[in-house]
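For reference, the structure is listed below as structure tokens.
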């Protein structure tokens, strides 16, 4: 038995059995006296007599030899403190993920498999709960260590409750026996953390939203189509003819796409009965799929308005030498030969109106003249146009295919004057052309600092509505009717031709998205098929707060550990330590620095039996050097 002056701070007396002891008085209590130790941890079940308030001191009272306690001790961070730092990082990352999901909104479920997210949530929450309870347990250990090494006496019931299992409600059950409010609060925190963390899985819900993806879509390569370096005296102030020709040959492939609006990229409307409008987005990425986070793609818009004007025809000559003088809006506009007049069907003449010889925009004012052979059926001989929309112009010689010479036929006609307005917007390349001085109409942004914007160049001098595969200034009547797409025959030629010009402009403009050799691909974030998303709910606030409290406990715990230093390793609030500290651990074989692993190894080599003792006639627990099975 160790002496009172030089006894170890954690005595393990050499005893092999424990029997009844006599009551002792607190004032006479000596932690190094074997009888007192036995009295403090009496395991007898018959009639052990305990003092009214049994206490279990850990450190001996200082009876002559100076012992360094809390004040002046060397600061040292135990290994558990370092592990606490790592645990804090994990818990803080869990809290950060929770707030990120709550603020950032729904997240796509990996591979659309809820099992993946369920596994992640389960592992992360169980790991967080385990670490949280471990932190609470270490906090209890630190608090008890602080109390015990300060030589304070505590109720045994309280210490036994503290040595219970992590997360055990026995700690709450005996919370009223806690020596300090801090220990009671820590035990309560452990219970609350356990309850709040059970709501983790309920804090997530699955929802179905349109999916998203990044995909490249073609659009006009404005720099290639409108390459200023290719301009010369032959081409004039106009975008390259190659793109124009390709556009004309390509447009018919996309007429159905444009008619459908292509998901909102082509918007057509009627402002009034004779004013038609169109807005075309210059990308093949459909508007109803593009997400708002994308930059606004370039777009162009026009309004075309047409009014009917007077038309008359003066026929000069006879047979194949006949000439036909057109008077439009009370002025002579053109003279047509027999070859330039319509044949069996109708045709449409185009006359661009300019003010000078400078650059002429395709959106300048235009006179449009329709001529057709009179079938004497009361109609206009042009699909989509009623007989009341045309005027009988008299007879003239027409070159009807199949006849050897021109044939005298009745001529029907109508004329309109059309003008444009328009604008551009969105994100265009920062490319300019040198501005040319002109009094002709230019739609869009005006010149500035001697240059014009590429959007204005493309709108006015790029591929536009008047291009056709027949000639420079005439169109087949059937093509005009097909593109005008009038379902009910129009009684007004101005309305009819405005609809054609609007539709043709939209078709030509949108076709620029697909011209081979003159396009560029741009990535857009778009909607895809509906997909499964996981979303955080407000319920997650509860476990997040619980983890935050655990992190706070960890920091307080580390601070106290640093103060306790090496003394922290002397106390471990657990059943095995309690047996070692009270001397039950068969002291001949274990030293006072025995750790948990050594104790458990030792406990496998000894046995115990609860039997009778003949002298006292009582039953008691007896420890044997070997397991009783041997």
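The values are calculated or read from the model by the stated rules, or taken from the named source; none is laboratory data. Keep in mind that what you see is a predicted model, and the values were worked out from it rather than measured. A quick note on method: Cβ atoms are made from the backbone with ideal geometry, for glycine too, and the neighbour counts reach across all protein chains shown.
Taken over the range 176-190, the residue count meeting the criterion of being surrounded by fewer than 18 Cβ atoms within 10 Å (Cβ to Cβ) and either within 27 Å of the chain's Cα centre (by Cα) or part of a helix (DSSP H, G or I) (or both) is 6. Please verify whether the range 290-301 includes one or more residues that are part of a strand (DSSP E or B) and either over 27 Å from residue 498 (Cβ atoms) or modelled with pLDDT under 90 (or both). Taking every residue of the range 290-301 in turn, at least one turns out to be part of a strand (DSSP E or B) and either over 27 Å from residue 498 (Cβ atoms) or modelled with pLDDT under 90 (or both). Among the numbered conditions (1) crowded, with 18+ Cβ neighbours inside 10 Å; (2) modelled with pLDDT of 90 or more, the only one that residue 561 does not meet is (2). Kindly indicate whether residue 505 is in a strand (DSSP E or B) and at pLDDT 90 or above. Against the criterion (in a strand (DSSP E or B) and at pLDDT 90 or above), residue 505 does not qualify. Could we say that residue 523 is in a strand (DSSP E or B), modelled with pLDDT under 90 and farther than 30 Å from residue 127 by Cβ here? Spelling it out, it is not the case that residue 523 is in a strand (DSSP E or B), modelled with pLDDT under 90 and farther than 30 Å from residue 127 by Cβ.
When we screen 515, 539, 534 for residues that are touching a helix residue (DSSP H, G or I) at 6+ places or on another chain (Cβ under 6 Å) and modelled with pLDDT under 90, the only hit is 515. State which residue is farthest from the chain's Cα centre (by Cα) when the search covers only the range 450-477 and only residues that are modelled with pLDDT of 90 or more and surrounded by fewer than 18 Cβ atoms within 10 Å (Cβ to Cβ). The extreme case among them is 450.
Determine, yes or no, whether residue 425 is touching a strand residue (DSSP E or B) at 6+ places or on another chain (Cβ under 7 Å) and under 16 Å from residue 280 (Cβ atoms). So residue 425 fits the description; yes.
When every residue of the range 369-382 is checked against the conditions, none turns out to be closer than 23 Å to residue 329 by Cβ, surrounded by fewer than 22 Cβ atoms within 10 Å (Cβ to Cβ) and under 53 Å from the mean Cα position of the chain (by Cα).
Condition check for residue 215 on (1) touching a helix residue (DSSP H, G or I) at 6+ places or on another chain (Cβ under 8 Å); (2) more than 30 Å from residue 484 (Cβ to Cβ): one failure, at (1). Check residue 108 against each of (1) modelled with pLDDT of 90 or more; (2) within 30 Å of residue 209 (Cβ to Cβ) and name the one condition it does not meet. (1) is the only condition that residue 108 fails. Scanning the range 537-571 for residues that are outside any helix (DSSP H, G or I) and either at positive phi or more than 30 Å from the chain's Cα centre (by Cα) (or both) returns a single hit, 571.
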